[in-house]
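**Student:** I have a structure here, written as structure tokens, and I will follow up with some questions on it.
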Amino acid sequence: MHADGRPVSLAEYEAAGGYRALRRALAELPPAEVTALVKDSRLRGRGGAGFPTGGKWGFVPLGPEAPRPKYLLVNADEMEPGTFKDRLLLENDPHLLIEGVALAAYAIEAETAFLFLRQEYKRAAAVLRQALAEARAAGYLGRRILGSAVDLEVHLHASGGRYICGEETALMSALEGKRANPRTKPPFPPIVGVWGQPTVVQNVETLCNVPGIVAHGVPWYLSLSKGKDGGTKLYGASGRVRRPGIWELPLGTTAGEIIAEHAGGMTPGRRLRAFLPGGASTDFLGPEHLEVAMDFEAVQAAGSRLGTGTMILLDDTVCPVGATLNLIRFFAQESCGWCTPCRDGLPWAAATLQAIEEGRGEPDDLEILEHHCRLLAPGFTFCALAPGAVEPLQSALRIFREDFERHIREQRCSHREARGEGPALVGAAREKS
Amino acid sequence: MGEPLVKVYIEGRPHEVPAGLNLLQASLALGFEVPYFCWHPALGSIGACRQCAVKQFRDENDTRGKIVMACMTPAVEGTRISIADGEAIAFRAAVIEWLMTNHPHDCPVCDEGGECHLQDMTQLTGHTYRRFRFRKRTFHNQSLGPAVMHEMNRCIQCYRCVRFYRDYAGGGDLHPFALRNLTWFGRSQEGTLASPFSGNLVEVCPTGVFTDKTLHRHYARPWDLQTAPSICVHCGVGCNTIAGERYGTLRRIRNRYHPELNGFFLCDRGRYGYEFLHYARLEAPRGDALRVPQEPDGEARASVSAQDADALLDRAAQFLAASRGLAGIGSPRASLESNFALRRLVGPARFCNGLSARQARLAARAAGILRETPGRIASPADIENADAILVLGVDLLGAGPRFELGARQAALRQAAGRAAQLGIESWNDVFVRIVADREASGLMLVSPRATSLDRAAREVVRASPEEAARLGFAIAHELDAAAPEPGELDEAARGRARAIASALRAAGRPAIVSGIEAGCAELLAATANIARALANAGREACLALLVPECNTMGVTLLSENGIELAADLVARGEADTLIVLENDLARRCPPRMLAELLGRARLLVVDHLATPTAARAALALPAAPFSESAGTLVNHEGRLQRHYAVHPPRPGTRPAWQWLVDLGDRARVPATGTRERAPEPRIAELWEALARETPALAAIAAVGRTAREWGGQPIPRQPARYSGRTAMIAHREVHEPAPPTDPDTPFSFSMEGYPGEVPAEWIARYWAPGWNSVQALHRFHEELAGPLRASGADARAFGRARNDRGHQDPRDERADGTRTGGARPAGGFARPGSLRADALPSPLPATRGILRLLTRQEVFGSEELSDRAPAVRERRPEPEAVIGPEDARALGLSDGGCVRVIGIDGETAAEACAASDASVPGAAGLGLVWLLPLRIDPTLPAGHVVVPAGYREQPAWETVAYARVEKPQEEEA
């Protein structure tokens, strides 16, 4: 990648060994073997859920009897608060993604792929458009790729701009031109996906791992990781650190190392109170968890999720009630309105948090919030949005219990006053404003 | 039941349910109380509301279990669930609590209150105390036209409205907008909902967002409505309804589930047409002239009207006694009993069915074909289940709206098969629709004009009725070489015939629909040949021939003679007095002919409607309409169905049959004599005579049952929650009068009576403890969305009743040789010869301005009764004349201009075509003239003009086959 943010051109990408994996696959590897390589590499999805990638591909029916067309959808609708890792790849190294797309489509024998891009990623859109044209002109995409019998058309589709579009089944609804409501599983997308056809939905970063696996092999890929699962991970840190950013590091690098060595530690005078390890929809972890290896299992064991692997840090000057309110308000705002618990539960939780933060909390409010944390659970709600939304809330209620209780007891927010904002407008004053 | 049974465990106890259900369906079918919102028996499951959560266990050792949505979980062998699990109960209560955060506390002023599914479910889940202390969101409400009220603040976002309106009924102007808890359902701008099925929103909505605007205008609490089972009187399909009354006026119509006809849904004509009763009623005449001297002490006032009625009867008897010859004109909108009573009064030779000459011929032909057709006669349910549907020459939306809705479901039912291969259950609505979107539809339409179904069809052919008939004969010939060829068919048409024939042959359940609306007897014959050819090829084809009015088929079976019989009797001087039963003659004959008839004969009209005919009568007897009398109607299938009085007739009015029977009695017995009370109500005698004299209608014995024959306690018309009984007439009378008796039916006008399960056709309302909304229906089902419990055998004039309830593929039956098809009528093929014999050249030479006249049945506006109801009337399309561009050019007419359409009969048209000059002899002879705006339809076959059928301004267009179209005079334009 270029330090100045200029995207890697096709010539530069090829010079660095780019598209070698695709040539190899087309020449030597039948589709099922590509899938087998990815399975063996222990690559897990980098979009947040961590589903084994090769396993997902293995569900797609192959061969002449398989339903046609089949689709590969690239989830580039990066809207998780605090997460900006895919943007780096999209804007700077588009051919890495395109090669990953071509390999994945080859592995599942899909003839069409859609890049479902976050609406605000205007620069990425321009870069991708350019790169797709280059790749098409060079014969990496289009009909009879590199002289083989394989066809692949890749379309760039800009999202309508909702968080829910990043949920893979809602993404399919949106792509079909319907309301972006999620769909039930089963049937699973590899069997009945977009327009009812076999479909694989894959995150940008995940696909960017595939060329390396195919080019350099499984042992090399496994050796990159510090843990059980293969490869590297783009880790990020935002908040009051010296150098917020994104770094590609071995999977399993500890949170403490990422913060201290790569992000340069906390800014002077700020103390770390907690961090969200993988975006807004993961549980808060405390400073005692800095030694936790940032891989799928270790973070889970610590009581949270790796998620997108991009940390949001909370320091001692930030009101944890306000921060949680900020998150829950976002999720309430982004609920698609399909299922009751999410649609009507999150706004209630947000209103309750707002009341507490503004000094209007009532003693029963914490029970109301806990009630929502209990019941907005996986399987209770239609999709993962609401369960993800309450992860920071439930951990905040545990970790910052004293802050919540003090807000209610004192009917004020000390952080608000420290910022010199004074009490929130309440009652009649609020109605008027 | 076609499906095998599977064992599911609920609370640890085994239960057997048919395979293929989800756990919600299974639980409800077994009588368990599981609350739900987004699921609907006709719309399937989407898993959105999360209200039907239950706990599922892996096996008998699993004690933890997990929460699942019952509606999205298949009930397979060995499934173990708990509805009473504590966590499931708590979650269901939480769902209601969430829904209630924004639902207003306006139940006391909400039209839905008391029959609200949300109220019922709130009670069921036990949410009582409000913890949400923040502001409720408020929404904008729209004016959606005369039929449906909109109050979005009550919305609980179950998505049923758009799923019915858009997905099920094909409507395009109701959308979900916005998202999260601001999701809002409505139109992009205010305006009348365009779908002719919009009224179903009232029943589909689980709460008071969409409510019945006509009910609102004369509101009564749902539990205060006296109800009775009824039959829709606004077309020939015979949908089942429940009519509700308070204080002597009908307040609303609701759907009454019938598994083969209307299912869960009515059209808006059927739902809102009832308000004709509030307008243009034929009033009981009052005045001293009619009133016998009152007793000085003054009996109860109610008896005054009865005395009026007796006086009126005397007058009528005298009127008839003075006649030198009677003729009776029956009616396709009057009951079998009334028509038959008239036939008895005047004698069969002097009774006609009251249809126009043309329509009488067509209806008789249709009845003849249906009597002999080898397959089943198609109901809307058969159309839903068909995998190939050929609609020949009619627009289903006008001809039988419920068929249009049925045809829309066929593709979905078909897709269920492919969905099953993908592991998608038939109730998984979102995915079955995704699969259906990729499936080719089995719908093939042959029609002269664009129809509402064109977009859903695989094949659309534009053809005149004659061309459609030729195509039909050709299809039959393709299917069976023994079926005669029509000749005169170009290669393109032959190719179409081959394609349609092969689609029908490949189908497991083919269906053919046509009707008499097209005005072409040969078209009917062609459908008969297709059905027979399919039968000969080993397929069982369902055939439906749609008729326009609620008893067209019944009255045709009583007499095949149309109105010309009465006209001939009058013309020959053999009759000078016409008894007209519930019929506006202006709809049945052209104005000039009507004037001649009325110039020579005196009229005695028996009707409930103040028609132009009644206005010209020497004497008019006010009859009780469908809601105030019981009567039997025969639908397009030949199915006999009985409607029951919802409330007693208005003072002074009687059921028409009773007037007519009374008149007969008066003719035999001196007017002042007192009759002895017959041992059985007279209706029973009438049925007996009807069955004896018209064997085709012998099934009347099965549908008509008097209170005595029922034998049990009477069935109450008033619900157990009925209020105000003792106060309703307290301003006139402090004593509570004894309820009127009704010996002719099993019902009482009372709250008291038989509390148990009644035969399905006598269900007066859907209610069960805890289930006050229409959702109580599931408590009446034998199978959810299948037959009702306690449903008796169909009563049919012809055709076979559906004996297998599992909709089996007839090909499967053949495979194992269990089919018993020996009783097939052995008719032959109809020959298309007359297609050429009685038809003029097609297309007609347009230069003479003579065109084949086609009438267009509009959902709103074409039907006589509903056109008087504001909610229907206001939605009537503006009348217009439509011609093709070639004819417009030849006649020098342009789009948007005005034309004069002059109806002419076949003879006149033939003469005009034969004439050497451009004159049209006798063109004005019928008096059927209409000045209309012109629209040019590029797809309309040349040589045709289309005008709306049955519009009040000029209702008799269906009586003629041709019209001259010309530019209006300067001053007219």
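**Student:** Do we have B:Asn141 as farther than 23 Å from B:Gly44 by Cβ, modelled with pLDDT of 95 or more and buried (at least 23 other Cβ atoms within 10 Å of the Cβ) here? Break it down stepwise before answering.
**Tutor:** Details: farther than 23 Å from B:Gly44 by Cβ: yes; modelled with pLDDT of 95 or more: yes; buried (at least 23 other Cβ atoms within 10 Å of the Cβ): no.
No.
**Student:** Please work out which one of (1) assigned to a strand (DSSP E or B); (2) within 14 Å of chain A (Cβ to nearest Cβ); (3) in contact with a Gly (Cβ under 9 Å, 6 or more places away or on another chain) is the condition B:Phe185 fails and give its number.
**Tutor:** (3)
**Student:** Which condition from (1) within 30 Å of B:Ala793 (Cβ to Cβ); (2) aromatic (Phe, Trp, Tyr); (3) at pLDDT below 95 is the one that B:Tyr257 breaks?
**Tutor:** Answer for B:Tyr257: the failing condition is (3).
**Student:** State all residues of the range A:378-400 that are surrounded by fewer than 18 Cβ atoms within 10 Å (Cβ to Cβ) and facing chain B (nearest Cβ under 9 Å); if no residue qualifies, say none.
**Tutor:** Correct list: A:Gly379 only.
**Student:** While we're looking at this one, here's another question. Give the residue, chosen from B:Ala420, B:Ala327, B:Ala357, that is at pLDDT 95 or above and small (Gly, Ala, Ser). Working first, answer last.
**Tutor:** Values: B:Ala420 fails: at pLDDT 95 or above; B:Ala357 fails: at pLDDT 95 or above.
When all the criteria are applied, what remains is B:Ala327.
**Student:** For the range A:236-248, check the following and say yes or no: at least one residue is within 26 Å of A:Leu132 (Cα to Cα) and not charged (D, E, K, R).
**Tutor:** Applying the first criterion (within 26 Å of A:Leu132 (Cα to Cα)) to the range A:236-248 yields A:246-248.
When the remaining residues are screened for being not charged (D, E, K, R), the result is A:246-247.
Yes - at least one qualifying residue is present in the range A:236-248.
**Student:** Can you name every residue in the range B:89-100 that is over 13 Å from A:Trp348 (Cβ atoms) and either surrounded by fewer than 22 Cβ atoms within 10 Å (Cβ to Cβ) or more than 10 Å from chain A (Cβ to nearest Cβ) (or both)?
**Tutor:** Going through the range B:89-100, the residues over 13 Å from A:Trp348 (Cβ atoms) turn out to be B:89-93, B:96.
Scanning the range B:89-100 gives B:Ile89, B:Ala90, B:Arg92, B:Ala93.
**Student:** Of all the residues that make up the range B:407-432, how many are part of a helix (DSSP H, G or I) and over 28 Å from B:Asp454 (Cβ atoms)?
**Tutor:** Within the range B:407-432, residues that are part of a helix (DSSP H, G or I) and over 28 Å from B:Asp454 (Cβ atoms) number 2.
**Student:** Got a sec? Which helices (runs of 4 or more DSSP H) wholly within the range A:309-419 have at least 3 residues that are farther than 27 Å from A:Tyr235 by Cα and of a type outside the set (A, V, I, L, M, F, W, C)?
**Tutor:** Ranges flagged: A:346-357, A:365-375, A:401-410, A:414-418.
**Student:** Taking only pairs six or more apart or across chains, which ones have beta-carbon atoms under 6 Å, a first residue in the range B:124-147 that is of a type in the set (D, E, K, R), and a second residue that is not in a loop (DSSP other than H, G, I, E, B)?
**Tutor:** B:Lys136/B:Asn102; B:Arg137/B:Asn102
**Student:** Looking at (1) at negative phi; (2) more than 14 Å from chain A (Cβ to nearest Cβ), find the lone condition where B:Gly126 falls short.
**Tutor:** (1) is the only condition that B:Gly126 fails.
**Student:** Just wondering, is there one or more residues in the range B:438-452 that are within 14 Å of chain A (Cβ to nearest Cβ) and outside any loop (DSSP other than H, G, I, E, B)?
**Tutor:** yes
**Student:** Sticking with this structure for a sec: Scanning for something closer than 23 Å to A:Cys383 by Cα, within 11 Å of chain A (Cβ to nearest Cβ) and part of a strand (DSSP E or B), does the range B:79-87 turn up at least one residue?
**Tutor:** no
**Student:** Continuing with the same structure: Give the residues of the range B:684-704 that are closer than 12 Å to B:Tyr644 by Cβ and either in a helix (DSSP H, G or I) or modelled with pLDDT of 90 or more (or both), sorted by residue number. Don't jump to the end; show me each part of the working.
**Tutor:** We begin by selecting, within the range B:684-704, every residue closer than 12 Å to B:Tyr644 by Cβ; these are B:703-704.
Matches in the range B:684-704: B:Val703 only.
**Student:** If you go through the range B:855-887, how many residues are surrounded by fewer than 23 Cβ atoms within 10 Å (Cβ to Cβ), touching a residue at least 24 places away in the same chain (Cβ under 8 Å) and assigned to a helix (DSSP H, G or I)?
**Tutor:** Selection size over the range B:855-887: 5.
Here is a yes/no grid of residues against (1) part of a helix (DSSP H, G or I); (2) hydrophobic (A, V, I, L, M, F, W, C):
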site: A:Ala3; (1), (2): no, yes
site: A:Val8; (1), (2): no, yes
site: A:Arg24; (1), (2): yes, no
site: A:Ala32; (1), (2): yes, yes
site: A:Leu37; (1), (2): yes, yes
site: A:Gly48; (1), (2): no, no
site: A:Pro61; (1), (2): no, no
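**Student:** Is it the case that some residue within the range A:160-176 is within 28 Å of B:Ala420 (Cβ to Cβ), in a loop (DSSP other than H, G, I, E, B) and within 14 Å of another protein chain (Cβ to nearest Cβ)?
**Tutor:** So the first thing to find is which residues in the range A:160-176 are within 28 Å of B:Ala420 (Cβ to Cβ), and the list is A:167-176.
Then keep just the ones that are in a loop (DSSP other than H, G, I, E, B); that gives A:167, A:176.
The next check asks that each one be within 14 Å of another protein chain (Cβ to nearest Cβ); those that pass are A:167, A:176.
Yes: one or more hits.
**Student:** Just checking, which of A:Ile108, A:Ile98 is buried (at least 24 other Cβ atoms within 10 Å of the Cβ) and either modelled with pLDDT under 95 or under 24 Å from A:Tyr235 (Cα atoms) (or both)? First the steps, then the outcome.
**Tutor:** Numbers: A:Ile108 fails: either modelled with pLDDT under 95 or under 24 Å from A:Tyr235 (Cα atoms) (or both).
Just a single option satisfies the conditions, and that option is A:Ile98.
**Student:** Looking only at the range B:331-363, which residues are part of a helix (DSSP H, G or I) and polar (S, T, N, Q)? It would help to see each step written out before you state the result.
**Tutor:** We begin by selecting, within the range B:331-363, every residue part of a helix (DSSP H, G or I); these are B:336-346, B:348-350, B:357-363.
Once the filter is applied, which keeps residues that are part of a helix (DSSP H, G or I) and polar (S, T, N, Q), the range B:331-363 yields B:Ser338, B:Asn339, B:Gln359.
**Student:** Is one or more of the residues making up the range A:196-204 within 11 Å of another protein chain (Cβ to nearest Cβ), over 18 Å from the mean Cα position of the chain (by Cα) and under 19 Å from A:Leu103 (Cα atoms)?
**Tutor:** The first filter runs over the range A:196-204 and keeps only residues within 11 Å of another protein chain (Cβ to nearest Cβ), leaving A:196-198.
Now narrow it down to the ones that are over 18 Å from the mean Cα position of the chain (by Cα): A:196-198.
If we keep only those that are under 19 Å from A:Leu103 (Cα atoms) as well, we get A:198.
Among the residues of the range A:196-204, at least one is within 11 Å of another protein chain (Cβ to nearest Cβ), over 18 Å from the mean Cα position of the chain (by Cα) and under 19 Å from A:Leu103 (Cα atoms), which makes the answer yes.
**Student:** Looking only at the range A:182-195, filter to residues that are more than 8 Å from chain B (Cβ to nearest Cβ) and part of a loop (DSSP other than H, G, I, E, B); which one of those is farthest from A:Phe331 (Cα to Cα)?
**Tutor:** So in the range A:182-195, the residues more than 8 Å from chain B (Cβ to nearest Cβ) come out as A:182, A:185, A:188-190, A:193-194.
If we keep only those that are part of a loop (DSSP other than H, G, I, E, B) too, we end up with A:182, A:185, A:188-190, A:193.
Values: A:Pro182: 15, A:Lys185: 22, A:Phe188: 25, A:Pro189: 25, A:Pro190: 28, A:Gly193: 26 Å.
Residue satisfying both the conditions and the ranking: A:Pro190.
**Student:** Report those helices (runs of 4 or more DSSP H) wholly inside the range B:520-583 carrying at least 2 residues which are within 28 Å of the chain's Cα centre (by Cα).
**Tutor:** In the range B:520-583, B:521-536, B:552-558 are the helices (runs of 4 or more DSSP H) which contain 2 or more residues that are within 28 Å of the chain's Cα centre (by Cα).
**Student:** Please go through the range B:260-306 and pick out each residue that is at pLDDT 50 or above, over 20 Å from B:Leu609 (Cβ atoms) and of a type in the set (S, T, N, Q). Give the steps one after another, and end with the answer.
**Tutor:** If we filter the range B:260-306 for residues that are at pLDDT 50 or above, which is where we start, we get B:260-286, B:305-306.
Narrowing further to those that are over 20 Å from B:Leu609 (Cβ atoms): B:260-268, B:306.
The answer is B:Asn262, and nothing else.
**Student:** Could I ask something else about it? Has the range A:218-232 got at least one residue that is at pLDDT 95 or above, closer than 24 Å to A:Thr35 by Cβ and within 11 Å of another protein chain (Cβ to nearest Cβ)?
**Tutor:** Among the residues of the range A:218-232, not one is at pLDDT 95 or above, closer than 24 Å to A:Thr35 by Cβ and within 11 Å of another protein chain (Cβ to nearest Cβ), which makes the answer no.
**Student:** Can you tell me which of B:Glu863, B:Glu874, B:Glu878, B:Glu911 is among the acidic types (Asp, Glu) and within 22 Å of B:Arg592 (Cα to Cα)?
**Tutor:** Details: B:Glu863 fails: within 22 Å of B:Arg592 (Cα to Cα); B:Glu874 fails: within 22 Å of B:Arg592 (Cα to Cα); B:Glu878 fails: within 22 Å of B:Arg592 (Cα to Cα).
Selected residue: B:Glu911, the only one of B:Glu863, B:Glu874, B:Glu878, B:Glu911 that is among the acidic types (Asp, Glu) and within 22 Å of B:Arg592 (Cα to Cα).
**Student:** Can you pull out the residues in the range B:46-60 that are facing another protein chain (nearest Cβ under 8 Å) and of a type in the set (S, T, N, Q)?
**Tutor:** Once the filter is applied, which keeps residues that are facing another protein chain (nearest Cβ under 8 Å) and of a type in the set (S, T, N, Q), the range B:46-60 yields only B:Gln51.
**Student:** Additional query: Identify all residues within the range B:35-58 that are in a loop (DSSP other than H, G, I, E, B), buried (at least 24 other Cβ atoms within 10 Å of the Cβ) and aliphatic (A, V, I, L, M); write none if there are none.
**Tutor:** Hits for the range B:35-58 are B:Ile46, B:Ala48.
**Student:** Given the criterion within 14 Å of chain A (Cβ to nearest Cβ) and closer than 30 Å to B:Ala436 by Cα, identify the matching residue among B:Arg131, B:Arg163. Break it down into steps so the answer makes sense when it comes.
**Tutor:** On the way: B:Arg131 fails: closer than 30 Å to B:Ala436 by Cα.
Answer to the check: B:Arg163.
**Student:** So A:Ala215 clears everything in (1) closer than 18 Å to A:Val74 by Cα; (2) more than 14 Å from chain B (Cβ to nearest Cβ) except one condition, right? Which one?
**Tutor:** (1)
**Student:** Considering only residues that are closer than 20 Å to A:Lys70 by Cβ and in a helix (DSSP H, G or I), which ones fall in the range A:112-134? Let's see the steps before the verdict.
**Tutor:** We begin by selecting, within the range A:112-134, every residue closer than 20 Å to A:Lys70 by Cβ; these are A:112-116, A:132.
The one that is closer than 20 Å to A:Lys70 by Cβ and in a helix (DSSP H, G or I): A:Leu132.
The values are calculated or read from the model by the stated rules, or taken from the named source; none is laboratory data. Because the structure is a prediction, the values reported are computed rather than measured. Glycine also receives a Cβ, built like all others from the backbone with ideal geometry; neighbour counts cover every protein chain displayed.
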